[in-house]
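Enquirer: Once you've had a glance at the structure underneath, I'll fire off some questions.
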Amino acid sequence: MTGAVTAQAPGGDELVGWPPEVAARYRAAGYWHGRSFGTWLSLLAAAHPGRTAVVGRTGDVEHRWTFAELDRRAHRLAAGLHGLGVRPGENVLLQLPNVPEFVPVVLALFRVGARPVFALPAHRDTELRHVAQWSQATAVLTVDAHARFDHGALARRTADATGSVREVIVLDTGAGGTTAGAVPLAGLDADPVELPDPDPEGVAFLQLSGGSTGLPKLIPRTHDDYLYSVRESARICGLRPDGVYLAALPAAHNFPLSSPGVLGALHAGAASVLAPSPDPATAFALIARERVTITGLVPPLAAAWADAAARTPHDLSSLEVVLVGGAKCGPELAGRIGPALGVRLQQVFGMAEGLVNYTRLDDPDELVCTTQGRPISPDDEVRVVDPDDPAAPSDSEVQPGRAGALLTRGPYTIRGYYRAAEHNATAFTEDGFYRTGDLVRRTPTGHLEVVGRVKEQVNRGGEKVAPTEVEDHLMAHADVLDAAVIGVPDSYLGERTCAYVVPRPGAEALTGSVLRRFVRERGVAAFKVPDLIEIVPDFPVTGVGKTSKRELRDALRARATEER
Ligand code: OOB
């Protein structure tokens, strides 16, 4: 097996591989097993054939599949996809809500060696088009409709706008979306065929980055690197074969997928229950019925669950562990979750690019409440450096215990985004550390406390918003002269977005609601539509000369803080 897989493509490598000597070290240390997801699934099916693997609902139909059944479905679906012309190395844009089919679909694509590109259910035209074009996707696989939105039609529009897409595949849930002209997923069921096993060091799938500069970047993860993080996550979170993981968040996101998530549960021989919604009413009923033992939540949901638990008629006593992450969980909320839900809290600070930190189940309460955990791997290298000038980083390490910008590299952290040579030049150091953009403090125990951010991003309760992306949408409006988006504190979400908009002279009718509707109608995820819009006559000018957007946002943040 070769080390770095570097298929050249316009814009740069698909996969910036680890240097061969580093890859050899990760193999020798036992992190990379040289096994594909397909082989991994076959081994799991052999080890736990009769155990429940996946539980969930598609429309009115409840599904409950054992490991053997999941394996069989993934084989048959892989054959069906292959019969349709889906080939190894092709990218397939996937947009599925938490339906049970999510699991066999992903595993079937892995078996074919085609890479799922994990869009979130909230993504709309602009995001899907961008991601389909950038990945040169050959198929879009989606659901007919979900939460009263026609995903079939969205997939069709995405396909029509993207020359590379040959097929639209739709899971019909009876929800009424557009399925005309699409290949029904149910029809992709064929007798298993012999398929070449994909290279475990090659790209298994593409995750979407939260992004701080414009539209999402694609994150190439390999079988080897991801399976390592999945195995260790399952162990660190104490998953056992009799465990039951509830996927409350959208399963395509890295957190419910692998921290420890659906894949971690599979690895442990445990069951995954896919919740159609994370609201307490839906989730608590599932916890009681399926005897759920573990789940993962973003902080606002954890707070809502903690409040609702006091009044619920449902029996939550099976629940043992709740992971909270995606955004900062402060000590007050962290202290409340355990007692309110009768669980052990695990904080998780992760990123789709790789590095995942967990508080350990046997950590002292103090660390569990005040830190976001420590890395999975002894070979996760962490540097905390001087954050002073992001444009000209000196990358000198700060004094121990002081806050600084987090840089990391390791056995499951990417060395580069997918086909993004230019962006990679600044997103990574020359020696391969990923610039996370997070500000952290490291404790003597090696735990990290997230204290802020140097990247231009708003973290809206775990949902990441790139200000430039929203500013570009606002500025597409004919009456908008300029726009700047910042995050402002919010008691529920942690932060929400506030857009400052300068109208063109004479554009009197411009209002916040007009602009919100305008942004929404351009086809963007609802969480990116600005929460607050302030129409202002002009921007404060900072310093001398021309104001950069970054300086402008800094000035607006300072002013907003002052006003509070
Ligand atoms: C998870 O992944 P992403 O890719 O959506 O977002 C990563 C970013 C981090 O760089 C950090 O800025 C923020 O989300 N973040 C946290 C956090 N967990 C993530 N900030 C403060 N405290 C935390 N606990 O969000 C993700 C991936 C895997 C597991 C968990 C979360």
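The values are calculated or read from the model by the stated rules, or taken from the named source; none is laboratory data. All values derive from a computational prediction rather than experimental measurement. Reconstructed Cβ throughout: ideal geometry from the backbone, glycine too, with neighbour counts over all protein chains shown. Areas reflect the complete protein model, heavy atoms only, side chains present, ligands, DNA and RNA absent. Shrake-Rupley method; radii C 1.70, N 1.55, O 1.52, S 1.80 Å.
Enquirer: Kindly indicate the residue of the range 328-361 that is more than 10 Å from the ligand (Cβ to nearest atom) and among the basic types (Lys, Arg) and also surrounded by the most Cβ atoms within 10 Å (Cβ to Cβ) among those meeting that condition.
Expert: The extreme case among them is 344.
Enquirer: With the structure loaded, tell me whether residue 303 is aliphatic (A, V, I, L, M) and without any contact (Cβ under 8 Å) to a residue 60 or more places away in the chain or whether it fails that test.
Expert: It is false that residue 303 is aliphatic (A, V, I, L, M) and without any contact (Cβ under 8 Å) to a residue 60 or more places away in the chain.
Enquirer: Sort out which residues of the range 362-395 are open to solvent by less than 60 Å² (accessible area, probe 1.4 Å) and aliphatic (A, V, I, L, M), and write them in order of number.
Expert: If the condition is that a residue be open to solvent by less than 60 Å² (accessible area, probe 1.4 Å) and aliphatic (A, V, I, L, M), then 367, 368, 376, 382, 384, 385 are the ones that fit.
Enquirer: Consider residue 179 carefully, then state whether it is open to solvent by less than 20 Å² (accessible area, probe 1.4 Å), away from the ligand (no atom under 16 Å from the Cβ) and either within 25 Å of the chain's Cα centre (by Cα) or within 29 Å of residue 525 (Cα to Cα) (or both). Can you show your working first?
Expert: Values: open to solvent by less than 20 Å² (accessible area, probe 1.4 Å): no; away from the ligand (no atom under 16 Å from the Cβ): yes; either within 25 Å of the chain's Cα centre (by Cα) or within 29 Å of residue 525 (Cα to Cα) (or both): yes.
The answer is no for residue 179.
Enquirer: Could I ask something else about it? Of the conditions (1) under 24 Å from the mean Cα position of the chain (by Cα); (2) closer than 16 Å to residue 455 by Cα; (3) outside any strand (DSSP E or B); (4) not basic (Lys, Arg), residue 417 satisfies every one except a single condition; which number is it?
Expert: (2)
Enquirer: Report, by residue number, each residue of the range 53-82 that is open to solvent by less than 50 Å² (accessible area, probe 1.4 Å) and outside any helix (DSSP H, G or I).
Expert: The answer is 53, 54, 55, 56, 58, 59, 63, 65, 66.
Enquirer: Out of everything in the range 11-25 that is over 26 Å from residue 117 (Cα atoms) and touching a Gly at 6+ places or on another chain (Cβ under 9 Å), what residue ends up being surrounded by the most Cβ atoms within 10 Å (Cβ to Cβ)?
Expert: Here the residue is 22.
Enquirer: Give the range 124-158 a look and list any residue that's of a type outside the set (D, E, K, R) and open to solvent by 10 Å² or more (accessible area, probe 1.4 Å), or say none.
Expert: 126, 130, 133, 134, 136, 138, 145, 146, 147, 149, 153
Enquirer: Going through 277, 272, 259 one at a time, which residue ends up being within 13 Å of the ligand (Cβ to nearest atom) and under 30 Å from residue 457 (Cβ atoms)?
Expert: On the way: 277 fails: within 13 Å of the ligand (Cβ to nearest atom); 272 fails: within 13 Å of the ligand (Cβ to nearest atom).
Among 277, 272, 259, only 259 is within 13 Å of the ligand (Cβ to nearest atom) and under 30 Å from residue 457 (Cβ atoms).
Enquirer: Restricting to the range 209-235, and then to whatever is in a helix (DSSP H, G or I), away from the ligand (no atom under 14 Å from the Cβ) and not charged (D, E, K, R), can you tell me which residue is nearest to residue 418 (Cα to Cα)?
Expert: 223
Results for (1) among the small types (Gly, Ala, Ser); (2) within 16 Å of the ligand (Cβ to nearest atom), shown as yes or no for each residue.
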position	(1), (2)
393	no, no
403	yes, yes
412	no, yes
432	yes, no
436	no, yes
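Enquirer: For the range 188-203, name all the residues that are buried (at least 21 other Cβ atoms within 10 Å of the Cβ) and within 17 Å of residue 13 (Cα to Cα).
Expert: Hits for the range 188-203 are 201, 202, 203.
Enquirer: Does residue 316 satisfy the criteria of being away from the ligand (no atom under 16 Å from the Cβ), open to solvent by 10 Å² or more (accessible area, probe 1.4 Å) and not in a loop (DSSP other than H, G, I, E, B)?
Expert: no
Enquirer: Out of the range 268-300, which residues are in a helix (DSSP H, G or I) and either touching a Phe, Trp or Tyr at 6+ places or on another chain (Cβ under 8 Å) or without any contact (Cβ under 8 Å) to a residue 40 or more places away in the chain (or both)?
Expert: Correct list: 268, 280, 281, 282, 283, 284, 285, 288, 289, 300.
Enquirer: Give the range 365-409 a look and list any residue that's at positive phi and under 21 Å from the mean Cα position of the chain (by Cα), or say none.
Expert: Passing the criteria: only 373.
Enquirer: A further question on this structure: So, restricting to strands (runs of 3 or more DSSP E) that lie completely within the range 442-539, which ones have at least 2 residues that are within 16 Å of the ligand (Cβ to nearest atom) and in contact with an Asp or Glu (Cβ under 9 Å, 6 or more places away or on another chain)?
Expert: 448-453, 458-460, 480-490, 494-503
Enquirer: Would you say residue 38 is open to solvent by 50 Å² or more (accessible area, probe 1.4 Å) and in a helix (DSSP H, G or I)?
Expert: Answer is no for this residue.
Enquirer: Could you count how many residues in the range 464-496 are of a type in the set (S, T, N, Q) and either farther than 21 Å from residue 329 by Cα or in contact with a strand residue (DSSP E or B) (Cβ under 8 Å, 6 or more places away or on another chain) (or both)?
Expert: First, pick out the residues of the range 464-496 that are of a type in the set (S, T, N, Q): 468, 491.
From what's left, either farther than 21 Å from residue 329 by Cα or in contact with a strand residue (DSSP E or B) (Cβ under 8 Å, 6 or more places away or on another chain) (or both): 468.
The qualifying residues number 1.
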